[in-house]
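Report on the structure given below.
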Number of protein chains: 2
Amino acid sequence: MAENLEKLRHSLAHLLASAVLKIDPRAKLGIGPTTEDGFYYDFLFSIKVDESLLPKLESIMKDLISQNLKFVGKKISFPQAKKIFKNQPFKLELINDLKKYGTTDFQEIQLIKAKKKKAKKLARVTIYQTGDFIDLCRGGHIKSTKEINPQAFKLIRIAGAYWRGDEKNPMLTRIYGVAFKTEKELDEYLKKQEEAEKYNHRVLGEKLKIFLISPYIGKGLPLLLPKGEIIKNILIKYMRKKEEKYGYTYVATPHVASSKLYEKSGHLKYYQNEMYKVIDPAEGEDFYLKPMNCPHHHLIYQELVKSYRDLPLRLAEAGAVYRVEKSGETYGLMRVRGPITQNDAHIYVNEQNLEEEFLKVLDLLSEVYDDLKIIQNYWFRLSLPDFSGKNKEKYGGDLRLWQWASKIINNACQKKKINLVKGLGEAAFYGPKLDMQIKNIYGKEETIATIQVDILVPKRMGLVYVDKNNKEKNPIVIHRAILGSYERFIGFLLEATKGDLPLWLSPIQVLILPVGNEHQDYAEEIKQKISDFRVEIWPAEESLAKRILLAEEEKIPVILVVGEREKKNKTISLRLRHQKDLGEKKIEEIIKLLNEEGDIPN
Amino acid sequence: MAENLEKLRHSLAHLLASAVLKIDPRAKLGIGPTTEDGFYYDFLFSIKVDESLLPKLESIMKDLISQNLKFVGKKISFPQAKKIFKNQPFKLELINDLKKYGTTDFQEIQLIKAKKKKAKKLARVTIYQTGDFIDLCRGGHIKSTKEINPQAFKLIRIAGAYWRGDEKNPMLTRIYGVAFKTEKELDEYLKKQEEAEKYNHRVLGEKLKIFLISPYIGKGLPLLLPKGEIIKNILIKYMRKKEEKYGYTYVATPHVASSKLYEKSGHLKYYQNEMYKVIDPAEGEDFYLKPMNCPHHHLIYQELVKSYRDLPLRLAEAGAVYRVEKSGETYGLMRVRGPITQNDAHIYVNEQNLEEEFLKVLDLLSEVYDDLKIIQNYWFRLSLPDFSGKNKEKYGGDLRLWQWASKIINNACQKKKINLVKGLGEAAFYGPKLDMQIKNIYGKEETIATIQVDILVPKRMGLVYVDKNNKEKNPIVIHRAILGSYERFIGFLLEATKGDLPLWLSPIQVLILPVGNEHQDYAEEIKQKISDFRVEIWPAEESLAKRILLAEEEKIPVILVVGEREKKNKTISLRLRHQKDLGEKKIEEIIKLLNEEGDIPN
């Protein structure tokens, strides 16, 4: 089924190339693979093109489909192939690679060149013909175009792409298409994309004045506007309250550290390219912006812990870290250079208590996501080392220690009846980890929370405690981030709710609208009674209808309208977000609602 | 009176030099001026010296004093002077300077060399003789040593100092003395110094585990340990609550910004040497760690403000900034490279409302310092520009605007009956400012809070709003920091209270001590009842007396002892910090105490 869809998409790529040559016979062809939702094909056009070309190409492709053309494969010799593609320089390059290396895969070719791999000897190459169009292609096609539903594909986008992804090569024009079995699937997909474009957090963030990207600060360095800061502050308060209940203590560490720290922790060796260096004009000492909070916390461990009696130590920090990103790859609050304000904590524990502490972290995690309700379709991935694989050297230390730590996580997950997807070879360099995964608004998998067991760095950093038998030991460290980073979490929240944040997280919780200026006093009186909450009054400078419309656009969850009748009856007229007027209510009912849903959950 | 004390101190410096020559006749003499509390003299010894020399020197000085020696001044010619000081190379250097430039003042000599000032012509130099000791000296002495109370001075310290403060010159040995009119004054001074050494925030910070300086992070980059972080967090929560009441909204901005921002704001021109540069390994764009939050806030202003209706805008942030300091000049939490977490806010206001907003800031300030009680002996300094002085060019813009802004501050202070000390020429480059001053534990003046009126940067940064007449205008900005920086404020708090923080700011508020293991359950029961506060139980692993001692050392304000009697009577035995056992109390009394004094003040 899935394989068939692959074939269908790849066959559509051939039809796209065939259509392009009908419009621009001198176009040079790149390659045309499938993607997660469809396919693309790269072209060097001899004519000027833009998105207006897409419907024309679609129409030619539909015409080809209606002809019930067969996809016919054929093996031919290298000289024959060169003759067929004599006017297609990119294809000729591929043919030469096939001859020389037996592959067109760039990475494989590099390995062969570096003599780490042997070249395969090919006697012939494969071509596929559909109608009058011939492509160099190793295959994977449907039998005939009649298998394609002409209403179930669409060309969606034009983009630039360097030939073979190398910026030294010419820039080609990439045409993207999406394709499904049925028209219904396509429609659903397109609708979802449209929704995603409308409700992605960058769009909502701008509309709701949550954050700002300014060229004067830099790409990937968002500023939280008052409404964004409120959400962040409430989330931090919420997590701190929970964490303090679970026995965490907070610390506050600088955003920079001497290179000495990162030499000791190993970051400078492994992560230097992801770290921003800081220059001291006075003394020339090298500092770095911290890319993680752990080494800082480890120093605090050394200050506070002497014996097993001091364990477990649970250090938490809403610590802002910075990591190198290319400006072009930054994305709203989701992918930033910084601040990445981690919901960070490090739990230092002896071996005997690792499972118990891991279970407590799982308890905290489910408590939090139960409260939040919003993020629901998540699953867990256990990332383990792969000692058989080629990245074996990545995993330092003792194999038995790795197996032991992996087993502890497994046991804990079993006790909590957590279903695991396992990822071999995906562990951190210092130990196995459990990630909580979600799909973002575009359907892409993302990690939202992580719990990592560190069996290596404590030893490397010289973290010790004296056990009951007066023996020096290294603790195990659980690194965990229940909400990931606060900025990123705000992004997820906005997208998951389409901006309709729950009452306790809404920047403005209650809006009071006096019908006329003569009701302003009464509005103030109501505001006074609910002053523990975030309340605004919008005076009668605009019409009531206009103000209600603006309030809906601002996603304010509770609107209280007060006019002559309400003033006289000592009531308010209630409107909840996306609902009509719910009629006159007593202020006590509003206070009850706010007390129940407006405060940080316990 | 004060002049006389100066003379007395300077005369003691001569006696010190005389005493030194009696012990080391080959010692070379530097200079011996007065200090704030006494005097010093610099020597190049031919013998090895340490602090054990000080009592010997004191004893010789006392002997000289008892001889009722006269200080006799005399004017002599340059050749005569050179003859007298032929074995004193530093004195000869000074004599040469006097001949050439008419002064020994280093800065003056530089001005003369640069031809910005004319040399004075001197015909003779002055020498002073006391007993057999002669010094090159312009004078300012008492008449006779009998004016000196030999019990009212003390040599206190030896330090190294380069000749004339220049590191290219030889390192001399500086001997410091303190001197007063009466023995009582000396005793009081020494006691105060001893207290300061015992209760300075670095000592308390280490003892109470408030913060940590680690060579792996760097000097001047303190990490707040759990107990320090709690104090910071409570102070931030306290200020935010107050500020929200006063209509401030919070924002959160990155710790770095592109050089473009600081070019626009003028910081790169004026403050580049105080800013840490950040290197981006991926794209080579220049960033800086922010030395101030204002330029970031100005960008948010531009996003949020269109018209006069949007004013005043009060943006607040507990924003961490970093400023270059030499490692040798950093000091605990008081003088750091960072984080300097500013209790920062910027109030954007139109001209008509400046006084009103300034008054509101003064209201907030007095509300806060009334709550805090701890910081009491403060005064205010109004820093104005000096348009007549030599730094005139420092103050940009329109003279009338400066006068207008200064008058507004003056008026506001008059309305609040604030007495002002005025500092001409001490204004910020962008406007006049009002600073709240205190004396630190060593008696040195420090700024603890600041309110600054900015009449220049809004224009430079292009901040505008449209007024009632549809005209574009620049706002005025009030920069204000009521608690200064949180880290520094914690330092002041520790020193002002000698570590006895008030209940609401204490990291551990209540300690419960079960007399024996059999009272642990009851202790837990009590803890449950006051779980909204910061409570610890120290189990009966150590004797009660030992635990009480440790608790006193940790400065815990409330100790509840629970034993057999208390368990039976459903009571606790109360001890308040530095008090004896206050007897059995009902738990309700403790809850009352905690509710009254344990929460953040309203």
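The values are calculated or read from the model by the stated rules, or taken from the named source; none is laboratory data. Please read all numbers here as calculations on a predicted model, not as lab measurements. Neighbour counts run over all protein chains shown; Cβ positions are idealised from the backbone, glycine included.
Couple of notes before you dig in:
- Some residue of the stretch A:484-506 being in contact with a helix residue (DSSP H, G or I) (Cβ under 7 Å, 6 or more places away or on another chain), touching a residue at least 24 places away in the same chain (Cβ under 8 Å) and under 30 Å from A:E355 (Cβ atoms): yes
- Look at the stretch B:91-110: where a residue is buried (at least 17 other Cβ atoms within 10 Å of the Cβ) and a partner is aromatic (F, W, Y) and assigned to a helix (DSSP H, G or I), sitting 6+ places away or on another chain with Cβ atoms under 6 Å, you get B:I109/B:Y101.
- Residue within the stretch B:336-343 that is of a type in the set (A, V, I, L, M), under 18 Å from the mean Cα position of the chain (by Cα), more than 10 Å from every other protein chain (Cβ to nearest Cβ) and closer than 26 Å to A:R323 by Cβ present: yes
- Scanning the stretch A:267-283 for residues that are away from chain B (no Cβ under 11 Å) and under 15 Å from B:I217 (Cα atoms) yields A:H267, A:L268.
- Residue check for B:G583: closer than 25 Å to B:E518 by Cβ and touching a residue at least 24 places away in the same chain (Cβ under 8 Å): no
- When residues in the stretch A:163-188 are screened for being among the basic types (K, R) and in contact with a Gly (Cβ under 8 Å, 6 or more places away or on another chain), 1 of them pass.
- Any hit, the stretch B:251-262, residues being more than 7 Å from chain A (Cβ to nearest Cβ) and either out of contact with any strand residue (DSSP E or B) (no Cβ under 7 Å at 6 or more places or on another chain) or in a loop (DSSP other than H, G, I, E, B) (or both): no
- Residue count for the stretch B:338-365 under the criterion of being out of contact with any Pro (no Cβ under 8 Å at 6 or more places or on another chain) and at pLDDT below 95: the result is 2.
- Residue in the stretch B:525-546 that is nearest to B:P507 (Cα to Cα), counting only those that are hydrophobic (A, V, I, L, M, F, W, C) and touching a residue at least 40 places away in the same chain (Cβ under 8 Å): B:F533
- For the stretch A:535-562, the set of residues classified as among the small types (G, A, S) and closer than 24 Å to A:G598 by Cβ consists of A:A551 only.
- Every condition in (1) closer than 22 Å to B:A316 by Cα; (2) in a loop (DSSP other than H, G, I, E, B); (3) out of contact with any helix residue (DSSP H, G or I) (no Cβ under 9 Å at 6 or more places or on another chain) holds for B:K241 except the one numbered (2).
- Among the residues of the stretch B:279-290, those identified as crowded, with 21+ Cβ neighbours inside 10 Å and touching a Gly at 6+ places or on another chain (Cβ under 9 Å) are B:F287, B:L289, B:K290.
- Yes/no for B:I234 being part of a helix (DSSP H, G or I), among the β-branched types (V, I, T) and within 12 Å of chain A (Cβ to nearest Cβ): yes
- Elements of the type strands (runs of 3 or more DSSP E) sitting completely within the stretch A:483-602 and holding at least 3 residues that are exposed (fewer than 13 other Cβ atoms within 10 Å of the Cβ) and either in the same structural domain as A:G332 (by TED's automatic domain parsing) or touching a Lys or Arg at 6+ places or on another chain (Cβ under 7 Å) (or both): there are none.
- Flag for A:G73 being modelled with pLDDT under 95 and on the phi > 0 side of the Ramachandran plot: no
- Some residue of the stretch B:206-228 being buried (at least 16 other Cβ atoms within 10 Å of the Cβ), within 30 Å of A:D280 (Cα to Cα), touching a residue at least 40 places away in the same chain (Cβ under 8 Å) and more than 14 Å from chain A (Cβ to nearest Cβ): no
- Qualifying positions in the stretch B:319-335 - outside any strand (DSSP E or B), at pLDDT 90 or above and closer than 17 Å to B:Y271 by Cα: B:Y322, B:R323, B:V324, B:E325
- Scanning the stretch A:408-433 for residues that are touching a Ser or Thr at 6+ places or on another chain (Cβ under 7 Å) and either surrounded by 20 or more Cβ atoms within 10 Å (Cβ to Cβ) or under 19 Å from A:I482 (Cα atoms) (or both) yields A:A427, A:P432, A:K433.
- Members of the stretch A:308-335 that are surrounded by fewer than 20 Cβ atoms within 10 Å (Cβ to Cβ), basic (K, R) and more than 8 Å from chain B (Cβ to nearest Cβ): A:R309, A:R323, A:R335
A quick yes/no check of all residues on (1) of a type in the set (A, V, I, L, M); (2) in contact with a Pro (Cβ under 7 Å, 6 or more places away or on another chain); (3) farther than 24 Å from B:R335 by Cβ:
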site	(1), (2), (3)
B:I236	yes, no, no
B:E244	no, no, yes
B:T249	no, yes, yes
B:G266	no, no, yes
B:Q272	no, no, no
B:N293	no, no, no
B:A316	yes, no, yes
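- Candidate set from the stretch B:180-197 (those that are closer than 20 Å to B:Y40 by Cα, assigned to a helix (DSSP H, G or I) and hydrophobic (A, V, I, L, M, F, W, C)); member that is farthest from the chain's Cα centre (by Cα): B:L186
- Where a residue in the stretch A:143-162 is assigned by TED's automatic domain parsing to the domain that holds A:T34 and more than 23 Å from A:L29 (Cα to Cα) and its partner, wherever it lies, is among the aliphatic types (A, V, I, L, M) and surrounded by fewer than 18 Cβ atoms within 10 Å (Cβ to Cβ), with Cβ under 6 Å and at least six apart: none
- Scope the stretch A:340-367; condition outside any strand (DSSP E or B) and aliphatic (A, V, I, L, M); matching residues: A:L354, A:L359, A:V361, A:L362, A:L364, A:L365
Table: residues versus (1) crowded, with 16+ Cβ neighbours inside 10 Å; (2) under 30 Å from the mean Cα position of the chain (by Cα); (3) outside any strand (DSSP E or B).
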{"site": "B:N4", "(1), (2), (3)": "no, yes, yes"}
{"site": "B:H10", "(1), (2), (3)": "yes, yes, yes"}
{"site": "B:H14", "(1), (2), (3)": "yes, no, yes"}
{"site": "B:G32", "(1), (2), (3)": "yes, yes, yes"}
{"site": "B:E36", "(1), (2), (3)": "no, yes, yes"}
{"site": "B:Y40", "(1), (2), (3)": "yes, yes, no"}
{"site": "B:E51", "(1), (2), (3)": "no, yes, yes"}
{"site": "B:M61", "(1), (2), (3)": "yes, no, yes"}
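- Residue check: B:Q376 meets all listed conditions (1) surrounded by 16 or more Cβ atoms within 10 Å (Cβ to Cβ); (2) under 21 Å from B:Y486 (Cβ atoms) but one, namely (1).
- Of all residues in the stretch B:293-301, at least one satisfies being free of Cβ contacts under 8 Å to residues at least 60 places away in the same chain, crowded, with 16+ Cβ neighbours inside 10 Å and either at positive phi or more than 7 Å from every other protein chain (Cβ to nearest Cβ) (or both).
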